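A quick write-up on the structure given underneath.
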Amino acid sequence: MIWWASFLIENQCKGVRVDWEKKIEELSRKKTEKTELILSTKIKRKSGKLYFIDLDGGLYETTMGPRIPGYKGELKATFEIKREKGYLYFADENKEGFIDICRVEWEEK
């Protein structure tokens, strides 16, 4: 909580005013416009869990927060995803609570 307060104070001192509602709306619009659904799964998302896709196309489930170094998580499924350069692949929750595998164009800076 302290880092958040210092962030706000620092940015207000610089004259930067962040309209968070506008920023959230902009990010969600970008997500729907640019996100491409690769496949849908029947794996139900669990609260408090983090899902990610490794380079080989495996879907892993792990806990959020501190964890043991080197611990990758539990493998939930493997997919034969052929990754293309210039895209970020991620696991997202759909309206029914299941996990979708999506991708979005990624601009390296």
Here segment 46-57 yields Karplus 3J(HN,Hα) values (6.51, -1.76, 1.60; θ = phi - 60°; whole Hz; Gly and Pro given as x) of 9, 5, x, 10, 10, 10, 8, 10, 7, 5, 8, x
Taking R0 as 30 Å, what's the FRET efficiency between GLU96 and ILE68 from their Cβ-Cβ distance, rounded to 0.05? 0.40
Förster-model FRET efficiency, 41 Å R0, LYS44 and LYS85, C-beta, rounded to 0.05: 0.80
Protection proxy ranking, peptides 57-65, 34-42, average beta carbon neighbours within 10 Å, highest first: 57-65, 34-42
If you line up the Cα atoms of segment 35-105 on their principal axes, what length do they span on each, largest first, in Å? 31, 28, 19
When you count, for each residue, the other Cβ atoms within 10 Å and take the mean per peptide, how do 96-107, 75-86 rank with the highest first? 96-107, 75-86
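Where a number appears in this text, it was derived from the coordinates with a stated rule and is not lab data. It should be emphasised that the depicted structure is a prediction, and the values quoted were computed from it without experimental measurement. Ideal geometry is used to build each Cβ from the backbone, glycine not excepted, and the neighbour counts take in all protein chains shown.
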